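**Student:** Before we start, here is the structure in question, set down as structure tokens.
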Amino acid sequence: MTKRITIDPITRIEGHLRVDVEVENNAVSDAWASCTMWRGIERILQGRDPREAWLFTQRFCGVCTTVHALASVRAVEDALKLEIPANAQYIRNLILINHGLHDHTVHFYHLSALDWVDVLEIPKADPAKTSALAESISPWTGNSRNQMKAAQDKVKGVAASGQLGIFTNGYWGHPQMRLDPNVNLLAFSHYLQALEYQRKANQVVGMLGGKTPHIQNLTVGGVSNAINLDSQATLGLERLESIRVLMDEVTSFVQQVYFVDACAIAAFYPDWLRIGGGVRNYMAVPDLPMDAAATTFDLPGGYILDGNLASVKPFQRAADQTFRDGVTEDVTHAYYEGRKPLHPWRGETVPQVTEWEGDKKYSWVKAPRFQGKPMQVGPLAQVLIGYAQGHPLTRKWTDKALDTVSAVSGRKATIHDIQSTMGRHLARAIRAAMLSELATRHWQFLMDNIARGDTAIHNNPLFPSGEIEGVGTHEAPRGTLSHWVVVDGGKIRNYQAVVPSTWNASPRDNAGTPGPYEASLLRNPIADPEKPLEVIRTIHSFDPCMACACHTFDSSGMPHATVRVL
Amino acid sequence: MKRILIAGVGNILLGDDGIGPYVVRKLAANYVFEEGVELEDLGTPALDFIDHIAGLDALIVVDAVKNGEAPGTIVLYGKAELLRHSPTLRMDPHSPALIESLMAADLFGQSPENVILVGIAGESYSPTCALSPAVAAAVDAAIRRILQLLDSLDVGFFRRFEEADPSIWWAEVGAADLA
């Protein structure tokens, strides 16, 4: 018998996503992902000064502020063919890296770990054994028996109070929760510690960007951080050293805690390295340029079709011609007018509201396609594309992750295993470890460049009288982000943001081909349709962020998160 | 010294949702506060809201609310009232972040004791940088309510002789002067 489950919304993600699945014989047989909210804020940009667009775009989403700011200035610079100084590249890169480290850490511990870790099992743990286990797999100094005991006491206190607070509504005791109580405690103690380290990473963003959550140091043409090594008021030696200290602390946490925990949890759930693959076309744009002209990058980009790593095609430039020409958006199943897939520069956003109809229109998200195909984006795509190209840093951390998973699970894990729900978490941890190394590297690039006497931070943009088009790309924490701008006489005529979650949360297209969320849910086991933890695990593994929502406090007190089973 | 944050939250691109940032910037442009008081336009924070509230003595959040009241009506909500809501209110992403952040800060033992949400009933949340007239008309009243709250917290402030630039940059439509 077919059962229909509607989850509206998925909990613990930043946005408003609805998922419908059909369940047959305890597994998902069909799935639909919808965004239930209007995403048309790009229209606000029409007629505005392109030099100020980034101030607006960084308000698209409260979580992905810096990434939309950066993609915006890059789009305008691309339209102007404006190079930026090397210092500006490195300062921007340091912001991106630290934002990514903050974001990945929060996602793993605070937004998705509790899909795998049963908090209410923690009182049964033995802090001494937990500590011994932790110290056997990591040199981290925060794994003492006393620290484990303190974390356990916190949970005991919450459980005894009867007020679960932030742990209300978890699927505790679900048959899919299979960690040993000691492993649950270990992960939870790091959940507590992670809060401090994600904050340190965010502090670096603030020190370079002027403020968080909204950075203030970008310009079309570079950055506004005046550089003078001897001055405390500008970006000087003292501030650069403080940044380095913070980054070193974050690096230790990422490499000794986050990376190790992700490998351990993957090893304890080996079946989830086989579930949730879905769309096996992957795409990433190159990022972290190493020179002013952005000719070489520390994060490689490209695309892979049908999961065939040998077929990888690299993108040479940030906005490679293949990428520029290849992207379209289809609205067959989205609440917008139009039939033909349109290129983002010609993109239209005219709503056509209907009821939710799975075989007709059912989402506010458009269906982006690359060369007509749905693409999975995010850390998994980036890791696979780097790995397939033999990128040394990607190989180093991926092999280390696979070795660790193999050692803990006693079963050989391969690169193909990461094309899965758990693999997305693993890939994000691999990417975080890579970023932590690159943080030091780009900090050194900046120091060396300043030491050579180069203090340039900005090139002046000059707008021609006619129409120009540009695309700014960024490999953001959730994957490939692109901003597409058309400027006419110095004013914005059209602006479209194709965000990572649009690629992944995409509805079906005109050929009926499902998007990555939808495809990844097929054949997911469902132990209990009333508690669809498995669906939530797979969706959370993408790190969804709908980036579109209207943010208003609703005092009606109605229980909003609903799971309906029909 | 008491640590107090007055946080304007909301999306300035979505009509009346921008009232929080607007009020906080107007407040900062017209008043000077004693040491320890911070005013911030935080946009639409998610769980990173914890970083801004951890260890505060008092938190005043200014935000648009949907409570069925006439647009522009101001209603105050206390901490207990906010925490009664389920943390899975993920349909409106930052209200859960406000509540979840408070709950998480509680778990970490860093939650401010005093939390007050100054809620302003909105009318329209469509994409625009403009406030609807009824909500724009409530700005001065919202500022007075915040000053009363500060009085009750025994916090000193004085009015500037002249309004400083509130830098509500988003309200200026299509800036000019391109060489």
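**Student:** Among the residues of region A:54-64, what is the count of those that are part of a helix (DSSP H, G or I), more than 7 Å from chain B (Cβ to nearest Cβ) and farther than 18 Å from A:G347 by Cα?
**Tutor:** Number of matching residues: 1.
**Student:** So, one more: Scan region A:211-244 for residues that are out of contact with any helix residue (DSSP H, G or I) (no Cβ under 8 Å at 6 or more places or on another chain), in contact (Cβ under 8 Å) with a residue 12 or more places away in the chain and of a type in the set (V, I, T) and jot them down.
**Tutor:** Residues satisfying the conditions do not exist here.
**Student:** Quick check: is even one residue across region A:267-284 in a loop (DSSP other than H, G, I, E, B), out of contact with any Leu (no Cβ under 8 Å at 6 or more places or on another chain) and without any contact (Cβ under 8 Å) to a residue 24 or more places away in the chain?
**Tutor:** Scanning region A:267-284 turns up no residue that is in a loop (DSSP other than H, G, I, E, B), out of contact with any Leu (no Cβ under 8 Å at 6 or more places or on another chain) and without any contact (Cβ under 8 Å) to a residue 24 or more places away in the chain.
**Student:** Right, something else. Filter region A:464-478 down to residues that are in contact with a strand residue (DSSP E or B) (Cβ under 7 Å, 6 or more places away or on another chain) and over 17 Å from A:T57 (Cα atoms) and give me whichever is nearest to the other protein chains (Cβ to nearest Cβ).
**Tutor:** A:I468
**Student:** All but one of (1) closer than 21 Å to A:L237 by Cα; (2) modelled with pLDDT of 95 or more hold for A:D153; state the number of the condition that does not hold.
**Tutor:** Result: A:D153 fails condition (1) only.
**Student:** Scan A:E196, A:E238, A:E249 and give me the residue that is under 30 Å from A:K156 (Cβ atoms), more than 21 Å from the chain's Cα centre (by Cα), part of a helix (DSSP H, G or I) and of a type outside the set (G, A, S).
**Tutor:** Checking each option against the conditions leaves just A:E249.
**Student:** Of the residues that make up region B:109-124, is at least one part of a helix (DSSP H, G or I) and facing chain A (nearest Cβ under 9 Å)?
**Tutor:** no
**Student:** Return yes when A:G47 is at the interface with chain B (Cβ under 10 Å from one of its Cβ atoms) and small (G, A, S) and no when it is not.
**Tutor:** yes
**Student:** Please tell me if A:A132 is within 12 Å of A:N182 (Cα to Cα) and more than 30 Å from the chain's Cα centre (by Cα).
**Tutor:** Against the criterion (within 12 Å of A:N182 (Cα to Cα) and more than 30 Å from the chain's Cα centre (by Cα)), A:A132 qualifies.
**Student:** Okay, moving on. Could you tell me whether region B:155-166 includes any residue that is among the charged types (D, E, K, R), touching a Phe, Trp or Tyr at 6+ places or on another chain (Cβ under 8 Å) and modelled with pLDDT of 90 or more?
**Tutor:** Within region B:155-166 (the criterion being among the charged types (D, E, K, R), touching a Phe, Trp or Tyr at 6+ places or on another chain (Cβ under 8 Å) and modelled with pLDDT of 90 or more), the answer is yes, since at least one residue qualifies.
**Student:** If you scan region B:6-18, which residues turn out to be more than 7 Å from every other protein chain (Cβ to nearest Cβ) and either under 21 Å from A:R43 (Cβ atoms) or among the aromatic types (F, W, Y) (or both)?
**Tutor:** B:G15, B:D16, B:G18
**Student:** Still on this model: Filter region A:440-495 down to the residues that are over 30 Å from the mean Cα position of the chain (by Cα), among the acidic types (D, E) and either buried (at least 24 other Cβ atoms within 10 Å of the Cβ) or not in a loop (DSSP other than H, G, I, E, B) (or both) and list them by number.
**Tutor:** Of everything in region A:440-495, those that are over 30 Å from the mean Cα position of the chain (by Cα), among the acidic types (D, E) and either buried (at least 24 other Cβ atoms within 10 Å of the Cβ) or not in a loop (DSSP other than H, G, I, E, B) (or both) turn out to be A:D448, A:E467, A:D488.
**Student:** Here are B:A138, B:A105: which of them is away from chain A (no Cβ under 13 Å), in contact with a Ser or Thr (Cβ under 9 Å, 6 or more places away or on another chain) and closer than 26 Å to B:A58 by Cα?
**Tutor:** B:A138
**Student:** Can you name every residue in region A:235-270 that is surrounded by 22 or more Cβ atoms within 10 Å (Cβ to Cβ) and hydroxyl-bearing (S, T, Y)?
**Tutor:** A:Y258
**Student:** Still on this structure: Could you tell me whether region A:75-90 includes any residue that is at pLDDT below 95, outside any loop (DSSP other than H, G, I, E, B) and charged (D, E, K, R)?
**Tutor:** Scanning region A:75-90, I find no residue that is at pLDDT below 95, outside any loop (DSSP other than H, G, I, E, B) and charged (D, E, K, R), so the answer is no.
**Student:** How about region B:1-24: which of its residues are in contact with a strand residue (DSSP E or B) (Cβ under 6 Å, 6 or more places away or on another chain) and surrounded by fewer than 22 Cβ atoms within 10 Å (Cβ to Cβ)?
**Tutor:** Scanning region B:1-24 gives a single hit, B:L5.
The rows are residues; the columns are (1) within 29 Å of A:Q203 (Cβ to Cβ); (2) free of Cβ contacts under 8 Å to residues at least 60 places away in the same chain; (3) buried (at least 24 other Cβ atoms within 10 Å of the Cβ).
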| position | (1), (2), (3) |
| --- | --- |
| A:H99 | yes, no, yes |
| A:H102 | yes, no, yes |
| A:V119 | yes, no, no |
| A:I122 | no, no, yes |
| A:A128 | no, yes, no |
| A:W140 | yes, no, no |
| A:M148 | yes, yes, yes |
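**Student:** Mind checking which pairs have a first residue in region A:163-182 that is in a helix (DSSP H, G or I) and a second that is at pLDDT below 90 and among the acidic types (D, E), Cβ under 9 Å, 6 or more apart or different chains?
**Tutor:** As it stands, the answer is A:G165/B:D106; A:I166/B:E100; A:I166/B:D106, since those pairs meet every condition given.
So that you can scan it fast, the table gives a plain yes or no per residue for (1) within 8 Å of another protein chain (Cβ to nearest Cβ); (2) modelled with pLDDT under 90:
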| site | (1), (2) |
| --- | --- |
| B:P21 | no, no |
| B:E34 | no, no |
| B:E40 | no, no |
| B:G43 | yes, no |
| B:I53 | no, no |
| B:V65 | yes, yes |
| B:A70 | no, no |
| B:H94 | yes, yes |
| B:E100 | yes, yes |
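**Student:** If you take the residues in region A:38-68 that are small (G, A, S) and crowded, with 20+ Cβ neighbours inside 10 Å, which one is nearest to A:N202 (Cα to Cα)?
**Tutor:** Taking the candidates together, the pick is A:G62.
**Student:** What single numbered condition from (1) over 18 Å from A:L101 (Cα atoms); (2) β-branched (V, I, T); (3) in contact with a His (Cβ under 7 Å, 6 or more places away or on another chain) fails to hold for A:V205?
**Tutor:** The number of the failed condition is (1).
Condition check ((1) more than 22 Å from the chain's Cα centre (by Cα); (2) assigned to a helix (DSSP H, G or I); (3) over 22 Å from A:P514 (Cβ atoms)) across all residues:
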| site | (1), (2), (3) |
| --- | --- |
| A:T349 | yes, no, yes |
| A:W356 | yes, no, no |
| A:P368 | no, no, no |
| A:A381 | no, yes, no |
| A:K400 | no, yes, yes |
| A:K412 | yes, no, yes |
| A:H416 | no, yes, no |
| A:R424 | no, yes, no |
| A:A427 | no, yes, no |
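**Student:** Ok, one more. What single numbered condition from (1) under 30 Å from A:P286 (Cα atoms); (2) out of contact with any Phe, Trp or Tyr (no Cβ under 7 Å at 6 or more places or on another chain) fails to hold for A:K154?
**Tutor:** All conditions are met except number (1).
**Student:** Being closer than 30 Å to B:V62 by Cα, at pLDDT below 95 and more than 23 Å from the chain's Cα centre (by Cα) is true for just one of A:S555, A:S501. Which residue is that?
**Tutor:** A:S555
The values are calculated or read from the model by the stated rules, or taken from the named source; none is laboratory data. Predicted, not measured: the structure shown is a model, and the values here were computed from it. Cβ coordinates were reconstructed from backbone atoms using ideal geometry, including for glycine residues, and neighbour counts include every protein chain displayed.
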